[in-house]
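The values are calculated or read from the model by the stated rules, or taken from the named source; none is laboratory data. This is a predicted model, so every value here is computed, not measured. Reconstructed Cβ throughout: ideal geometry from the backbone, glycine too, with neighbour counts over all protein chains shown. Remember, those area values only see protein heavy atoms, side chains included, never the ligands or the DNA or RNA. Shrake-Rupley method; radii C 1.70, N 1.55, O 1.52, S 1.80 Å.
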Amino acid sequence: MTRHDIRRFSMGLALGLFAFPLQAQQSEATHWVSDSLTTYVRSGPTDGYRIVGTLTAGEPVTLLEASGDYSRVQNADGNTVWVLSSELQDSPSAQMRVPELEQQVAELSAELDSINEQWENRTAAQREALETREARIVELEAHNQALDAESEQSRQTIRELQARLDTQEEDLLMRYFMYGGGVAGAGLLVGLIVPHLPRRKRKRDRWF
């Protein structure tokens, strides 16, 4: 909620309060002079009585009685006069309500500012926590990619070592075959040659 929204809400609330009568602890006979015009008052309950003065717009008066179109009222100074009933209203005048409404608007604005500040702080904290988690996720993903690369490199090394081992085994077998073949060939050759070698005759022992 922005400050502009808060101000609009406060003004709407003030207008709403302004539209309803203020529930003040006033006597049921208390009325207020209309704000629209300066109200002339007379000495009696008809237009034939002389005008004896005026009442201030918005001024609170006590209703004493009504006669025809006029009402007899008493102001704060204790003066009793007659005034047209249409010039009275049974709710506080705007002039008297405005300061109270302004105070209420100020209090509500302060409360909304506090709520807005708390909300912004909470949102900032949540945003900071989210950014921290996102940074941690990126870090873990990078670490995982590094581990994958190391694992792939290890697998490649194992494949190379296995290939070298297989080659060495083949060379060793070939050497065994060649050695065995050589030994067998030499034995065969000796077997063929030995029978054809001349033998020395044995001397006979003579008896004299």
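Among residues of region 107-134 that are among the hydrophobic types (A, V, I, L, M, F, W, C), those with a Cβ under 7 angstrom from a residue that is surrounded by 11 or more Cβ atoms within 10 Å (Cβ to Cβ), sequence gap 6+ or separate chain, pair up as L108/S10; L108/L13; L112/I6; L112/F9; L112/S10; W119/M1. Screening R7 against (1) open to solvent by 60 Å² or more (accessible area, probe 1.4 Å); (2) at pLDDT 85 or above; (3) of a type in the set (D, E, K, R) leaves a single unmet condition, (2). Of all residues in region 50-77, those that are under 11 Å from L88 (Cα atoms) and β-branched (V, I, T) have Cβ atoms under 6 Å from Cβ atoms of residues that are open to solvent by less than 70 Å² (accessible area, probe 1.4 Å) and assigned to a loop (DSSP other than H, G, I, E, B), 6 or more apart or on another chain, in V61/N75; T62/A29. Taking region 36-50 as the search range and keeping residues that are touching a Ser or Thr at 6+ places or on another chain (Cβ under 8 Å) and part of a strand (DSSP E or B), which one is most open to solvent (accessible area, probe 1.4 Å)? By that ranking, first place goes to Y40. Within region 122-159, being open to solvent by 100 Å² or more (accessible area, probe 1.4 Å) and among the charged types (D, E, K, R) holds for R122, R127, E128, E131, R133, R136, E139, E141, E150, R155, R159.
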